[in-house]
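What follows is a set of notes on a single structure, which appears directly below.
The numbers here are math on the coordinates, done by the rules we state, and not lab data. Here the structure is a predicted model, which means the values were calculated and not measured. Note that each Cβ is placed from the backbone with ideal geometry, even for glycine, and that neighbours are counted across all protein chains shown.
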Amino acid sequence: QKEVEQDPGPLSVPEGAIVSLNCTYSNSAFQYFMWYRQYSRKGPELLMYTYSSGNKEDGRFTAQVDKSSKYISLFIRDSQPSDSATYLCAMAEETSGSRLTFGEGTQLTVNP
Amino acid sequence: DTAVSQTPKYLVTQMGNDKSIKCEQNLGHDTMYWYKQDSKKFLKIMFSYNNKELIINETVPNRFSPKSPDKAHLNLHINSLELGDSAVYFCASSREQGIGGYTFGSGTRLTVV
């Protein structure tokens, strides 16, 4: 069983839709939770960074962490064609913050 | 521009050759990494250096050897390349061993023929 599970999609939505992306994990020691966006043939770009449980909002993006359920989410409001990319969740333990464990990524297409 | 830059962007080479990928960051970060992304887009850590000291060395064939001449540079040398080494290799850097997230380079697409 993988430490981090993420539905690879693909996910296709119309412009303006609310997108929900999710990851589950098995390692209860994970404390740092991140979402990265990766455009085709580019490097991953950090979107959201959260420590422990709770919500974080940044513009159209909201990240949620539920440590009791070992479940994290990324919501994208008013999705745009420019949001079309692969979204990767990533996590790390507090004691070894240098080792990020990634999900396999969800490919999202927002159709105009 | 502040960034993580790696060269070359593309590398096509024959089996058995030796090749190097270079990485530089001007973000003032203390920690640098090499990640491998396979054809299914899965990113897996290979190595991590903190202030020129190796702190993570995953189960990677010893044909792969990282080298950090200073904390702004981390290079990857690969000996005796094999077909299975074909992948995209990403360099990344971060503050304080990952806290605050990583900044990734744009990747080196290695194709072994």
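Annotations
- Take the Cα of A:S53, step 7 Å toward its Cβ, do the same at A:S82, and the gap between the two points is 3.6 nm.
- Taken over the Cα atoms of the protein assembly as shown, the convex hull encloses 125 Å³ per residue.
- Residue by residue along B:99-108, Cβ atoms of other protein chains within 10 Å of the local Cβ number 6 on average.
- Length-normalised contact order for chain B - Cα pairs under 8 Å, 6+ apart - percent: 37 percent
- Applying a DSSP loop filter and a limit of 14 other Cβ atoms within 10 Å to the GluC sites (Glu not before Pro) in the stretch B:1-108 leaves B:E58, B:E82.
- Measuring r between the beta carbons of B:Q14 and B:N57 and using R0 = 22 Å, the FRET efficiency lands at 0.20.
- Entries of A:K2/B:K22; B:K41/B:K67; B:K22/B:K52; B:K9/B:K36 with Cα pairs more than 22 Å apart: A:K2/B:K22; B:K41/B:K67
- Counting every pair of alpha carbons in the stretch A:2-87, the share spaced more than 21 Å apart comes to 29 percent.
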